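Novice: Have a look at this one.
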Amino acid sequence: MSAEASPPLQPTDLSKQDAAPIVGKKSMDAIMSLCKRRGFIYQASEIYGGINGFWDYGPLGTLMKRNLREAWWQDMIMHPAWGRKGPNGEAVRCVPVETCIIQHPKVWEASGHIGGFNDPMVDDKETKQRFRADHLQGLFIDIGKGVKVTSNGFTVPLRTVVASTAGEAVAQLMEQPKLIKPLELTTATPSESPNVMDVTVRDSSGTTHFGRVFAIPVDALQSNPLEIPSPFTGKAGHLTEPKQFNLMFFSYTGAVFNEDAKVYLRPETAQGIFVQFKNVVDTTRVKMPFGIGNTGRSFRNEVTPRNFTFRSREFEQAELEFFCHPDESQAWYAFWREFRMDWWRSIGLASDNLILREHDKDELSHYSTGTCDVEYRFPFTAPGYGELEGVAHRGNFDLAQHQKHSGIKLDYFDQERGELLPNGSKKGERYLPHCIEPAAGLDRGVLALICEAYTVDAARPSPEFMKFHPRIAPIKAAVFPLVNKDGMPEKAEALHGELSRKFGRQGLIENDAKQSIGKRYARMDEAGCPYCFTIDGQTATDQTVTVRDRDTGTQERMAIDKVAAFIGEKLGE
Ligand code: ATP
């Protein structure tokens, strides 16, 4: 879990003149409603009113998430980095493990999650709502009553919201203008840090004021909780001081519920890899450098789950720990940073909504010499970004910790290193490997792909449609008989059967004969199906069908026996 650094405590700079206008963006409400309507994502336990921080996937969402997991599995484990050569000049080697959600509690002591996986929490005494102290962002502007400098130099914000970055806070203020009424937020510009946004605000007389949005420093909340307005009511005087709160869910094993029986649900899949490192080395033929991948559910009792599935309490991760010699670790760090960006681009996040952000020195964990985040500009973070994946150089921290806590040696004997012996072999070298960790979240991945694919075009039969990459699309193709007679349904059934046999492992092939052809296209567009094949009157005479491209709406004729090869090519086979 990366620390979210507070921006430096400094006087608000109100002199910036180069603010950019707030531009229109995709509506999260519209995206969430399409997700529900078309069966991508549902609220968990919805018939009981839902449960905060938990989401279920419907039929289309399940297929889509499976495609994302499968793409990760193929491109990280089975055919790592698409066969690219690593900095050592050799093909990258990776193997999988599948480890338990519940591990020995000492795993979490060694990893630091029991001692340190704590977030400082603040309560609103009036509404009884709770939020993470390091997730409180303030809007500071120069209109007299909004800006107040107290004796310790802390500036009191005009308004606060719960958000992990300044961008997310600005997005909330834009979506809920009543929060700062009668003022109006007119422009927002990312500043030198992702945690700071410069803004302009117009008052009711039309006068413009300059200001900033940035995180309230936790120590300011510690010393002045009563001065800071509540993010829920806007009123000061109701916030408590921050208190520590552990994010791990716990349970008990066995019949007796006491401290000795206490176990934790894993907050990340990575530790399962480190604790099986020795077994993998001893029982398989892996040689340094190599990676071990693990995917599965993780659990964090997030204090303020929000932004649809972005911050959930149960979510799925796909993590790789890539082990290498310390001397090669920086080169591998550069390699994985680049590949992970290329990978996200390859499955559909090709726009400038995707960025790689290198952490500042003060954001790094004490053991890391480099960490970066692959970030996506979600509608609820825009104009800022939210983390999709972290790529961290973790040094030998994790193996060293587990070696210390378990008493088991986890070093590696590398026969291909050390001085050359007279017999022509190498003397070998024993070392504790360093590790590069690309840690992706599959739910945030699905959400980013949905947000990126969501397109509005009032001129089309379905004014909202999803431009999924064919590899990610839950429905790969649809077959339509133009009318329900003249042998067309039979031909459609035969083509549907052939395509389902060939591509059924990758996704659905639909066969739809209901309603007008326009309505059928519209249904498929909304579900993000890239290609629709229609059997019409001409098919019987020349054995051709029409293929319609979802994104352009254009149609061309193609031989019916070429359809499978066409889809295969689009799926990258
Ligand atoms: P954040 O700072 O947003 O809490 P993190 O830095 O703690 O995230 P990591 O511990 O690096 O996240 O986990 C790796 C990935 O797991 C993240 O990039 C994200 O995609 C996913 N992830 C982490 N926490 C959550 C969550 N609460 N809900 C959904 N996905 C999550």
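The values are calculated or read from the model by the stated rules, or taken from the named source; none is laboratory data. Given the structure is predicted, the values throughout are model-derived calculations rather than measurements. Backbone-built Cβ (ideal geometry, glycine too); neighbour counts: all protein chains shown. Remember, those area values only see protein heavy atoms, side chains included, never the ligands or the DNA or RNA. Shrake-Rupley method; radii C 1.70, N 1.55, O 1.52, S 1.80 Å.
Novice: Starting from segment 235-251, take each residue that is under 25 Å from residue 157 (Cα atoms) and list its partners that are open to solvent by 100 Å² or more (accessible area, probe 1.4 Å), counting only C-beta distances under 7 angstrom and pairs at least six apart or across chains.
Specialist: That search, which allows pairs on different chains as well, returns 238/125; 240/125.
Novice: How many of the residues in segment 335-373 are within 13 Å of the ligand (Cβ to nearest atom) and part of a helix (DSSP H, G or I)?
Specialist: The qualifying residues number 3.
Novice: So, restricting to strands (runs of 3 or more DSSP E) that lie completely within segment 89-139, which ones have at least 2 residues that are in contact with a Leu (Cβ under 8 Å, 6 or more places away or on another chain)?
Specialist: On the way: elements: 94-96, 118-123, 130-132.
Correct list: 118-123.
Novice: Another question, if that's okay. Among the numbered criteria (1) in a strand (DSSP E or B); (2) in contact (Cβ under 8 Å) with a residue 40 or more places away in the chain, which single criterion is violated by residue 401?
Specialist: Going through (1) in a strand (DSSP E or B); (2) in contact (Cβ under 8 Å) with a residue 40 or more places away in the chain one by one, residue 401 breaks only (1).
Novice: Would you say residue 114 is surrounded by 15 or more Cβ atoms within 10 Å (Cβ to Cβ), β-branched (Val, Ile, Thr) and in contact (Cβ under 8 Å) with a residue 12 or more places away in the chain? Before the answer, list the steps.
Specialist: Values: surrounded by 15 or more Cβ atoms within 10 Å (Cβ to Cβ): yes; β-branched (Val, Ile, Thr): yes; in contact (Cβ under 8 Å) with a residue 12 or more places away in the chain: yes.
Yes: the conditions hold for residue 114.
Here is a yes/no grid of residues against (1) small (Gly, Ala, Ser); (2) open to solvent by 20 Å² or more (accessible area, probe 1.4 Å):
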| site | (1), (2) |
| --- | --- |
| 283 | no, yes |
| 286 | no, yes |
| 292 | no, no |
| 306 | no, yes |
| 309 | no, no |
| 314 | no, yes |
| 321 | no, no |
| 328 | no, yes |
| 346 | yes, yes |
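Novice: Sticking with this structure for a sec: Return yes or no: is residue 298 more than 16 Å from the ligand (Cβ to nearest atom) and not aliphatic (A, V, I, L, M)? Show your work before the answer.
Specialist: Numbers: more than 16 Å from the ligand (Cβ to nearest atom): no; not aliphatic (A, V, I, L, M): yes.
Considered against the rule, which asks whether it is more than 16 Å from the ligand (Cβ to nearest atom) and not aliphatic (A, V, I, L, M), residue 298 comes out as no.
Novice: Could you say whether any residue in segment 438-460 is over 29 Å from residue 355 (Cα atoms) and touching a residue at least 60 places away in the same chain (Cβ under 8 Å)? Outline the logic, then answer.
Specialist: The first filter runs over segment 438-460 and keeps only residues over 29 Å from residue 355 (Cα atoms), leaving 458-460.
Add one more test, that the residue is touching a residue at least 60 places away in the same chain (Cβ under 8 Å), and what stays is 460.
Among the residues of segment 438-460, at least one is over 29 Å from residue 355 (Cα atoms) and touching a residue at least 60 places away in the same chain (Cβ under 8 Å), which makes the answer yes.
Novice: Now for a different question. Considering only segment 362-410, state which residues are at pLDDT below 90 and of a type in the set (A, V, I, L, M, F, W, C).
Specialist: If the condition is that a residue be at pLDDT below 90 and of a type in the set (A, V, I, L, M, F, W, C), then 364, 382 are the ones that fit.
Novice: State which residue pairs qualify: first residue part of a strand (DSSP E or B) and inside segment 296-319, second residue within 7 Å of the ligand (Cβ to nearest atom) and β-branched (Val, Ile, Thr) in any location, beta carbons under 9 Å apart, and separation of 6 or more residues or different chains.
Specialist: Note: pairs meeting the criteria are 315/309.
Novice: For residue 82, which of the numbered conditions (1) open to solvent by 50 Å² or more (accessible area, probe 1.4 Å); (2) touching a Phe, Trp or Tyr at 6+ places or on another chain (Cβ under 7 Å) fails to hold?
Specialist: (2)
Novice: Test residue 333 against the stated conditions and say whether it is of a type in the set (Ser, Thr, Tyr), modelled with pLDDT of 95 or more and open to solvent by 20 Å² or more (accessible area, probe 1.4 Å). So that I can check it myself, show each step before the final result.
Specialist: Working: of a type in the set (Ser, Thr, Tyr): yes; modelled with pLDDT of 95 or more: yes; open to solvent by 20 Å² or more (accessible area, probe 1.4 Å): no.
Answer is no for this residue.
Novice: Right, something else. Scan segment 452-465 residue by residue and report those that are surrounded by fewer than 16 Cβ atoms within 10 Å (Cβ to Cβ), among the aliphatic types (A, V, I, L, M) and within 27 Å of the chain's Cα centre (by Cα).
Specialist: Within segment 452-465, just 456 meets the criteria.
Novice: Then there's this: Give segment 232-281 a look and list any residue that's closer than 30 Å to residue 173 by Cα and either in a helix (DSSP H, G or I) or among the polar types (S, T, N, Q) (or both), or say none. It would help to see each step written out before you state the result.
Specialist: Taking segment 232-281 and keeping what is closer than 30 Å to residue 173 by Cα, we get 232-247.
233, 240, 244, 246 - these are the residues of segment 232-281 that are closer than 30 Å to residue 173 by Cα and either in a helix (DSSP H, G or I) or among the polar types (S, T, N, Q) (or both).
Novice: Filter segment 170-186 down to the residues that are in a loop (DSSP other than H, G, I, E, B) and either of a type in the set (A, V, I, L, M) or free of Cβ contacts under 8 Å to residues at least 12 places away in the same chain (or both) and list them by number. Give the steps one after another, and end with the answer.
Specialist: Initial filter on segment 170-186 (in a loop (DSSP other than H, G, I, E, B)): 176, 181-183.
Passing the criteria: 176, 181, 183.
Novice: Checking the condition open to solvent by 30 Å² or more (accessible area, probe 1.4 Å) and small (Gly, Ala, Ser), which residue from 407, 445, 441, 428 passes?
Specialist: From the options 407, 445, 441, 428, the qualifying one is 407.
Novice: Is it true that residue 4 is at pLDDT 95 or above, in a loop (DSSP other than H, G, I, E, B), more than 19 Å from residue 340 (Cα to Cα) and not basic (Lys, Arg)?
Specialist: On the way: at pLDDT 95 or above: no; in a loop (DSSP other than H, G, I, E, B): yes; more than 19 Å from residue 340 (Cα to Cα): yes; not basic (Lys, Arg): yes.
Taking the combined requirement at face value, the residue does not satisfy it.
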